[in-house]
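As structure tokens, the structure follows; a few thoughts come after it.
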Amino acid sequence: MAWGTIVKSKHDWAVEPNLANYEQARRTFSWEDARRELDGLPGGGGINIAHETVDRHINSPLRDHLAIRWLGKNGEVWDYTYGQLRDLTNRFANALQDLRVNKGDRVYVLAGRIPELYIIALGTLKHRSVFCPLFSAFGPEPIRTRLTIGRAKVLVTTQSLYERKVKSLRASLPFLEHIVLIGDDHGFTNVPDTIDYRRLIENTSNSYTIQPTDPEDMALLHFTSGTTGAPKGAMHVHGAVVAHHITAKLALDFHRDDIFWCTADPGWVTGTSYGIIAPLTSGITSIIDEGDFDAERWYGILQSQKITIWYSAPTAIRMLMKAGSDVVRKYDLRSLRFLSSVGEPLNPEAVVWSKEAFGLPFHDNWWQTETGGIMIANFAAMNIRPGSMGRPLPGIDAAIVRMTGDGSVEEIREPDVQGELALRPGWPSMFRAYWDEPERYKKCFAGGFYLTGDLAKRDQDGYFWFIGRKDDVIKTSGHLIGPFEVESILMEHKAVAESGVIGKPDPVALEIVKAFVVLREGYKPSEDLRRALLAFARTRLGAVVAPKEIEFVTSVPRTRSGKIMRRLLKARELGLPEGDISTLEAD
Ligand code: ATP
Ligand code: MG
């Protein structure tokens, strides 16, 4: 590989990695053992996410340990110990009881990263109703669609979000029984036809007994990012917590004294599985930042909070790269020991940059809303091949498959051959349904596999390499090209900040590769630069894979979770309808 391998040795580790020997861990792993790392409800009452995250720590020294530190966007710092979280979540569970919400009813939250959101999430799970987070920047229409798909019974939101986005929708949401409002300054509210959160909580008891919970009871409803089409509502169960816990232990290398920062918003699955649940089941401290991305703010948080494990996403990493390495040097980031990334392909350039900037490489991992937890990862103890997603977790069987002529599925065993990434179902955090869309769910399974919709290949050492989404792959002159490969090479050019690559229909080649390029600060679009980039790409990629066309743009369209929406680049290029753009980030 052009990027070589980042070799790890014992000297790189501040602590012994939880997964020290990959082969051995795969051989000895069982989901039953993983389940035994958690407690289960007392008296054999099943498994409940809120018990494993909060209540089970109460009879241990963790009771007074810092569970969540919240950093407000204006500089406030609020701390919650495990003991305090237990009381507050008990209160919210009692509040749902008082509102006559039932087991399985959907409780939605539309809010930024405020402390109440975390309390409500866990209180809802205690009560055995279903928690459904909505990203706070959604406009009224995406909110209405999602509330309708899940038939929300309760919506908790803030006063200003209610007034701006929800009030006008109320008549179209007959199933929605209660709207609970959080004051914009966390204070009391007084709005007709709504319930005030603080009064609701203050009037309840802080003791609550979790009722028996079956591992198959519904727990979380998560909408996908809508990168490839209309978002789907993936349903997850309480038993998923076994996978949240063990995957964090193995792939994020959680140890007892860690201070963890997951930068994802709970509006997306990463922000729940690893932003709420896994750090708490592990008894570590989780930092939550209400503020938006800002390179200096982020480095400041890493430094002041002494973050040890940082879980972020390629978009953010690319923005940090854009801000330059000089900014990093102003901060003391020696507490950091493990960096991880998910959500999009992580360009090799970014892995190598982070090794230079932080002395630590980012570890890419792969998963989806549907899988509920990390499936393929670069582990702390494993050498990294920049550009690769790593290897499947213990307990996860991943394969590369292709459809045969008769519609059945065939596993490709030869290395380096691309096909669809498929997983053998059976891990606990696998989604159980696309809510209200049984046909769409059924279509994801064939030949004993769950088909992910992503294309990938596996090398001879078992590392998986992402090619692209099935929908984004470019077919040109008899070749299949993943846009990521082309985007990554373009990014290696010093003038390029980022790019989005699509297939543009062509009468001769079927499609040609077209790149939309955003330039770094200090560079201006010009015919010379365009030609230089075309030549640079041709030298690195060869004539077939290199783009034939380059267009300079000031930004590429992204989902609010930071993924490039290539389908939108394509629709705009071809003058076609834009389709569902409910998750499109505002310019
Ligand atoms: P939709 O299914 O609505 O189109 P989405 O697939 O973007 O949206 P998510 O479930 O949030 O919704 O994202 C999962 C997808 O993100 C994966 O299927 C894959 O395409 C991409 N992805 C996640 N992690 C990685 C990674 N490490 N490398 C490459 N791609 C990744
Ligand atoms: Mg998807």
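The values are calculated or read from the model by the stated rules, or taken from the named source; none is laboratory data. Since the model is a prediction, treat every value here as computed from it, not as a measurement. Methodologically, a virtual Cβ is constructed for each residue, glycine included, from the backbone with ideal geometry; neighbour enumeration extends over all protein chains shown. With ligands, DNA and RNA removed, areas are computed over all heavy atoms of the protein, side chains included. Shrake-Rupley method; radii C 1.70, N 1.55, O 1.52, S 1.80 Å.
Data for the structure
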read-out	value
Complete set of residues in the range 292-303 that are in contact with a helix residue (DSSP H, G or I) (Cβ under 8 Å, 6 or more places away or on another chain) and either under 24 Å from GLU37 (Cβ atoms) or open to solvent by less than 10 Å² (accessible area, probe 1.4 Å) (or both)	TYR299
Single condition THR228 does not satisfy, out of (1) within 16 Å of ligand 2 (Cβ to nearest atom); (2) assigned to a strand (DSSP E or B)	(2)
Some residue of the range 125-134 being of a type outside the set (Phe, Trp, Tyr), open to solvent by 40 Å² or more (accessible area, probe 1.4 Å) and without any contact (Cβ under 8 Å) to a residue 40 or more places away in the chain	no
Total residues in the range 355-385, condition under 20 Å from the mean Cα position of the chain (by Cα) and within 16 Å of ligand 1 (Cβ to nearest atom)	19
Cross-chain or 6+ apart pairs with Cβ under 7 Å, the range 226-243 first and in contact (Cβ under 8 Å) with a residue 40 or more places away in the chain, then away from ligand 1 (no atom under 15 Å from the Cβ) and in a helix (DSSP H, G or I)	HIS238/ILE49; VAL241/ILE49; VAL241/GLU52; VAL241/ILE277; VAL241/THR281; VAL242/TRP31; VAL242/ALA34; VAL242/ARG35
Subset of the range 386-411 (residues that are away from ligand 1 (no atom under 14 Å from the Cβ) and of a type in the set (S, T, N, Q))	THR404, SER408
Tabulated pairs, the range 27-47, first small (Gly, Ala, Ser), second surrounded by 12 or more Cβ atoms within 10 Å (Cβ to Cβ) and in a helix (DSSP H, G or I), C-beta under 6 angstrom, 6+ apart or interchain	ALA34/VAL242; ALA34/ILE246
Long-range neighbours under 6 Å by Cβ, at least six apart or interchain, first residue aromatic (Phe, Trp, Tyr) within the range 327-348, second outside any loop (DSSP other than H, G, I, E, B) and surrounded by fewer than 17 Cβ atoms within 10 Å (Cβ to Cβ)	TYR331/GLN303
Scan of the range 332-354 for residues that are of a type outside the set (S, T, N, Q), more than 10 Å from ligand 1 (Cβ to nearest atom) and open to solvent by less than 30 Å² (accessible area, probe 1.4 Å), ordered by number	LEU333, LEU336, PHE338, LEU339, PRO348, ALA350, VAL351, TRP353
Some residue of the range 1-21 being touching a Pro at 6+ places or on another chain (Cβ under 7 Å), under 30 Å from ASP459 (Cα atoms) and surrounded by 12 or more Cβ atoms within 10 Å (Cβ to Cβ)	yes
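Rundown of residues vs (1) within 16 Å of ligand 1 (Cβ to nearest atom); (2) closer than 23 Å to THR315 by Cβ; (3) assigned by TED's automatic domain parsing to the domain that holds GLY453, yes/no style:
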{"position": "ALA219", "(1), (2), (3)": "no, no, yes"}
{"position": "PRO231", "(1), (2), (3)": "yes, yes, yes"}
{"position": "GLY239", "(1), (2), (3)": "no, no, yes"}
{"position": "ILE246", "(1), (2), (3)": "no, no, yes"}
{"position": "PHE260", "(1), (2), (3)": "no, yes, yes"}
{"position": "THR263", "(1), (2), (3)": "yes, yes, yes"}
{"position": "VAL269", "(1), (2), (3)": "yes, yes, yes"}
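Residue-wise test of (1) out of contact with any strand residue (DSSP E or B) (no Cβ under 9 Å at 6 or more places or on another chain); (2) outside the structural domain of ILE49 (by TED's automatic domain parsing); (3) surrounded by fewer than 13 Cβ atoms within 10 Å (Cβ to Cβ).
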{"position": "MET403", "(1), (2), (3)": "no, no, no"}
{"position": "TRP427", "(1), (2), (3)": "yes, no, no"}
{"position": "LYS442", "(1), (2), (3)": "yes, no, yes"}
{"position": "ALA446", "(1), (2), (3)": "no, no, no"}
{"position": "PHE449", "(1), (2), (3)": "no, no, no"}
{"position": "ILE467", "(1), (2), (3)": "no, yes, no"}
{"position": "ILE481", "(1), (2), (3)": "no, yes, no"}
{"position": "VAL486", "(1), (2), (3)": "no, yes, no"}
{"position": "ILE489", "(1), (2), (3)": "yes, yes, no"}
